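All of the numbers you see were taken from the coordinates with simple rules; none came from a lab. Here the structure is a predicted model, which is why all the values come from computation and not from measurement. When we count neighbours, we look across all protein chains shown, and the Cβ atoms used for this are built from the backbone with ideal geometry, even at glycine.
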Amino acid sequence: MKVVALIVVACSVFGAGAIAQDEEAQLVAVAFRVSDVGTYDLEVLIRGNEAYLPALTTFGIIGIKVDTADSQRRLEGFLRSADSTYFIDVSEGTASYADHRYAVTANDYMMRGSDLYLSTRFIKELFALDIRFLSRRLQVDLRNTRDLPVFLMNRRRAMMQR
């Protein structure tokens, strides 16, 4: 009887720990500031000092082409052209961009329902972007990265207005 009680208590403690770990992440509205382009409202998951951005929405804003498979557990597409392809497969724990392969760990992403959220650190490392989360301002900054479609379109628009 004591063994059963001990097992029940242990399951409760470890189960509560797992639930608390999931509950650490909070959905928060932040300003997603893309330098020289504009500011967008974005709901991100925050766990500790790390922001996790909704992959489809974020990629859409900055012009990264994305196709999904397996309920967003695998993303693939390209940045500027079909020559600059990438994939992110959280089920397999791998990602690739520009002929480099990366390991995808549990700290690199979060799932909320069927939506995939990627950490700013992971996005920065994978695509070599100047992106950072400013927790005190509740702001994610993406500085001018010439290769991204959103910056190319913005430059073209500015040149046409001159």
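Annotations for the structure displayed:
- Cα-projected label distance for SER84 with ALA128, points at 7 Å along beta-carbon direction, nm: 1.0 nm
- Note on ALA29 and ALA103: with the Förster distance fixed at 35 Å, the Cβ-Cβ geometry gives a FRET efficiency of about 0.70.
- Listed peptides 90-102, 57-69 by packing density, highest first (mean Cβ within 10 Å): 57-69, 90-102
- Volume of the convex hull of the stretch 25-161 (Cα atoms only), normalised per residue: 103 Å³.
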